[in-house]
1. For a distance above 27 Å, tell me the whole-number percent of Cα pairs in chain B that qualify.
2. Compute the orientation-averaged projected area for the range A:87-183 from the convex hull of its Cα atoms and round it to one decimal in nm².
3. For the protein assembly as shown, give me the percentage of DSSP beta bridges that are antiparallel, rounded to the nearest 5 percent.
4. Which residue, chosen from A:Leu81, A:Pro44, A:Ala152, occupies the Cα position most advanced towards the positive end of the dipole of chain A, where the dipole is computed from +1 (Lys, Arg) and -1 (Asp, Glu) charges on Cβ about the Cα centre?
5. Per DSSP H run of n ≥ 4, the term is -39500 (n - 2.57); total these for chain B, divide by its residue number, and report the mean residue ellipticity at 222 nm rounded to 500 deg cm²/dmol.
6. If you count, for every residue in B:133-141, the Cβ atoms of partner chains within 10 Å of its Cβ, what is the mean?
7. Over the whole of B:93-101, what's the average partner chain Cβ count within 10 Å per residue? Rounded to a whole number, please.
8. Between A:Arg26 and A:Leu53, take the C-beta separation as r, use R0 = 56 Å, and let me know the FRET efficiency to the nearest 0.05.
Amino acid sequence: MGPANTHHARESTQRPVGGEESLIVRCGLIAIAIAFLAVVLFLPLTLVFTYALQGGVRAYALAVTEPDTRSAIWLTLLTALIAVPINTVFGVAAAWAIARFEFPGKGVLITLIDVPFAVSPVIAGLLFVLLFGARGWFGDVLREHDVQIIFALPGIVLATMFVTFPFVARELIPLMQAQGSDEELSAITLGASGWQMFLRVTLPNIKWGLFYGVILTTARAMGEFGAVSVVSGHIRGETNTLPLHVEVLYNDYQMTAAFAVASLLTLFALATLGVKALIEWATAKADASESERFEPGVQR
Amino acid sequence: MSIALRNIHKSFGAYPALSDVSLDVHAGELVALLGPSGSGKTTLLRIIAGLESPDPGVAGRPEPEVRFDGRSIIGTSVSGRGVGFVFQHYALFRHMSVCENIAFGLRVRPRKARPAEADIRARVRELLGLVQLEGLAQRMPHELSGGQRQRVALARALAVEPRVLLLDEPFGALDARVRADLRAWLRSLHAKMKVTTILVTHDQEEALEVADRVVVLNKGRIEQIGPPADVYHAPATPFVCTFLGRVNIFSHRATLGEPAADGAGPPAGLRYVRPHEMDIMTDGLDADNDRMHGTITHVNAAGPVVRVELRTDDLERVMVDLTHERFRMLGVARGDRVLVAPRDARVFQDGAGI
C-alpha cells in the first residue's frame, strides 16, 4: 500500500489543476488572499506596534511597567495558570470517555462540550453573575461564609474556564477515535494497570494533540474579554486582566498606554502561534513517519 | 492450560452475538474458531480474554462459566488472567521500538515481580530469535512490514509467558504469500512452545491447515467441532459443508436412502457434492438419477488440479475438479458435451439450515 499511495500522491500533485488559463486564476486567487490578509491581519498588527511605540521606547516601557499594568499581567497569567491545567485534565477525561466508551447520554455530553463555542461569552459571564452574584442563587450563602466570587479572581477563573473548556476535548476526540483502543487493550492484556496504560501508551500517543489543545486554551484564556468583563468589575490594579486593562486605558484616552498593553497581548499571541507552528511541524514529522502504520480506509 | 466454556450468551443490544456456546479446549491444543464475519468468533475470543463479559444467567438459563484449568475466572480482570492477546491490526505501541514493545509486559510488573534490566534484555533477545527478527530490535513499528509487525506482536504477547495465547485474525491484514509463510511458522512455533492457543479466522484454508481442531461458528452458534479432516470430509450441517470449501448443491433427484419397502417415497433432500467428488464421462451412457448431461463452459488447468465448470441441461452450474491425469485421459475441452456424475455425496434434509 505504501508505494501505491505515494504514486497516487505524486500523480495528483503533478496534474494541472485547471487548464492553460489556470495561471491567471491562480495568481488572482493568491493576490486576493494576500490583499485580504494584509488589510484585516497584517495592517492592524503593524498599527498596534506603531501606535504603541509612537511615544518612544521610554513611554512604552513606562506604560508596560506601570503598577496597574503589572497587576493586569499578573492576573492574566495567574488566571491562565489555574484555568488551563484544570481544563486540560477535564478535556482529557471527557475525550477519553467519549472516544472509548458507549454510554447513555454520550450525545448530550458531546453537545454540552460545544456549548461555549455556541454561546456568546457575555452570556457565560452573566450566567456566573446570576449564580454567584450578590443577588444570585448562591449570593446569600456566599455572603454568610464571606466568599467573594464575582468581582474577584474566582469569578474570572470560572468565566475563563467556561469559555475555554472545549479546546482540549475537541482536539483529542477525533484523534483518539482514529487511533482506536487496541493499543490500550494490548497494554492491559500485558498486565499493565490502568494508570500505567495511561502514562505509557495513551499519553505518548495523544501528546501532540494535547499540546495543541493546551496552546489554544492558553491563547484564548489570556485573550478572553467578554465573559471576564461581566464578572470582573473592572477594578484597576485588582480585577483587570490585560484585555480589560486595554479597554480601560483606551476609554481614558491614554492611546499610547492602551496600545502598549495591547502590544503585550499581541506578543503573547504571537509567541503562542510560534509554539503552535513548532508543534505542527513536529507533528507533521511524526505523522509522516507514522502514516505507514495506518491501514487503508482508516479515517485520520 | 485447558479452557472450559459453558452456557455463553452475549447480546449487543437486541443483536445476539453468541447463543448458548459451550466449548472445551485441551491443554497445549491449537484450536481455530472459524466462521464468517458476524458469527461471534471474535466476541468469544474477547470473552475468554476478559475484554468482554458473557451475559449473566436468566430464569431458565444457567450462569455462564469460563474456566482455566477448572478454576472459574469470570471475576478475574484481564490483566490477572495471564492471556496473551494478539490483535488483527497488531496494535504495536507506535512510539516504542520493537525492543520496548516486547519488553512492555515485563516492565509494567510490580517492582517485586519485575525482572532485572539485564534479564529483561536477555528475554527480549531470546524472543526476537524465536520470531526471527534478530537485528530489528531498535526499529520503530512503522519501519516494519506487516508480517514483521505481526511477529513482534506475537513476541510481545509471549514475553509475559501467557497461559493461553489468543490470536484475533492474526494474518487477516497480510497478503496471501506472507500469510502462507506465517501459517507454517505459527505451526512450528506452537509445536515448540506448547502454549494453549486459540486462533480466530474467517479463512477456512488457514483454519484447516493450522489447527488441531476447528470450531465452526455461524450466527453465534457452534455448528461443528472436530479435527480439520472431520469437519471437511464429514460436515455436520449444510453450513459447514458450504463454508469449508467449494461445493455443488443439487436441488433435485437426491433421495435419502433407498425407497421404503412399502412403496412410500423417500424423504427429499439436497445433495452436497465437493468438486473433487465429481467425475466426467464421455461414453454414451444415458442420463439417469445420478448422471447428468452438460456442456463444459470453462477449464482452468493452472493448478494442482484441473478445474472444470459445466452447465447441465437443467441449467445448473457444476464444478468438477479432475486430476491432470484424468483430464488428459478424457481429452475433453470447452464446449464439449459430456456426462457428469457425483462419486460421493452428502444429503441434508431440505431446509435443514444454512
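1. On the way: 35917 of 62481 pairs.
That tail contains 57 percent of the Cα-Cα pairs.
2. Working: hull surface 30.3 nm².
Over every viewing direction, the Cα hull of the range A:87-183 projects on average to 7.6 nm².
3. DSSP beta bridges in the protein assembly as shown are roughly 70 percent antiparallel.
4. Final value for the positive-end residue is A:Pro44.
5. About -7500 deg cm²/dmol.
6. 1
7. Across the residues of B:93-101, the mean count of other-chain Cβ atoms within 10 Å is 4.
8. 0.90
The values are calculated or read from the model by the stated rules, or taken from the named source; none is laboratory data. Just so we're clear, the structure is a prediction, and the values are computed from it rather than from any experiment. Please note: Cβ atoms are built from the backbone with ideal geometry, for glycine as well, and neighbour counts cover all protein chains shown. All accessible areas refer to the heavy atoms of the entire protein, side chains included, with ligands and DNA or RNA removed. Shrake-Rupley method; radii C 1.70, N 1.55, O 1.52, S 1.80 Å.
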